[in-house]
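Okay, structure first, notes after.
The values are calculated or read from the model by the stated rules, or taken from the named source; none is laboratory data. All values derive from a computational prediction rather than experimental measurement. We place every Cβ from the backbone using ideal geometry, glycine too, and count neighbours over all the protein chains shown. Surface areas here come from the heavy atoms of the whole protein model, side chains and all, with no ligands, DNA or RNA. Shrake-Rupley method; radii C 1.70, N 1.55, O 1.52, S 1.80 Å.
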Amino acid sequence: MALISVAELAERIDDPELVVCDVRFHLADHDQGRREYDAGHIPGARFVDLHTELAADADTAPGGGRHPLPPVDDFAAVLGRLGIEPGSMVVAYDGAGGATASRLWWMVRSIGHGRVAVLDGGFPAWVAAGHEVASDVPDVTPTEYPVATDWTGVVDADAVAQSIEFGGTVVDARAP
């Protein structure tokens, strides 16, 4: 499942296997997502920080980039801290188009966890539908998420160049 509707999430909000993750993020202000979460979020949602939990330190990570992938074992530790288990249904949302929520969706899928979706329309759609917003931080029972061997679906520059050489297409999905 790639997307979940606001109506479907609202119907399942009390499901004990559901873990909702708020990944709101703003490039110009790294703390704004957390402030937005503190001001109001989907009930039970756990805040996930792009800079500290979904990315490695850009100065020390291999490959570089603005938000390089963290080591898989670090990400598994984040999932455990969030109370996510292999059987959990994970729903990610953000506040601006789904790009950050999609990153969490891809990362979870990349380590072999299949029950994950992005909330269609994100937090703005939840609010527009008139659903409850909470400001309390949920109590989470940490767990130990099994560590995957490595990320799947990651390629390096040489693989991209080889794909182009054989007629492949590269799509730049960043915002303009």
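Taking a virtual spin label 7 Å from the Cα of Leu18 along the C-beta vector, which residues in the stretch 134-163 bring their backbone nitrogen under 14 Å of it?
Of the residues in the stretch 134-163, 134 have backbone N under 14 Å from the label point off Leu18.
Please work out the FRET efficiency for the pair Phe166 and Ser102, using the Cβ-Cβ distance as r and a Förster radius of 35 Å; give the result to the nearest 0.05.
Numbers: r = 27 Å, r/R0 = 0.77.
In this case the efficiency is close to 0.85.
Taking 7 Å along the Cα-to-C-beta vector as the label spot, tell me the Asp57-Ala157 distance in nanometres, rounded to one decimal.
Each label point lies 7 Å from its Cα, and together they span 2.3 nm.
Report the relative contact order of the chain, percent, no decimals, based on alpha-carbon pairs under 8 angstrom and at least 6 residues apart. Walk me through the intermediate numbers first.
Values: 279 pairs, mean separation 49.9, N = 176.
Relative CO of the chain lands at 28 percent.
Accessible area per residue for the chain in Å², computed with a 1.4 Å probe and the full protein assembly in place, what is it? Let's see the in-between values first.
Working: 9790 Å² over 176 residues.
Accessible area per residue: 56 Å².
Computing the accessible area with a 1.4 Å probe over protein heavy atoms, can you report the carbon and sulfur percentage for the stretch 79-168? Please list the in-between numbers first.
On the way: 2550 of 4910 Å².
Carbon and sulfur atoms account for 52 percent of the accessible area of the stretch 79-168.
Diagonalise the Cα gyration tensor of the chain and give the resulting equivalent ellipsoid semi-axes, square root of 5 times each eigenvalue, largest first, whole Å.
On the way: eigenvalues 153, 68, 55 Å².
Taking √(5λ) for each Cα gyration eigenvalue gives 28, 18, 17 Å.
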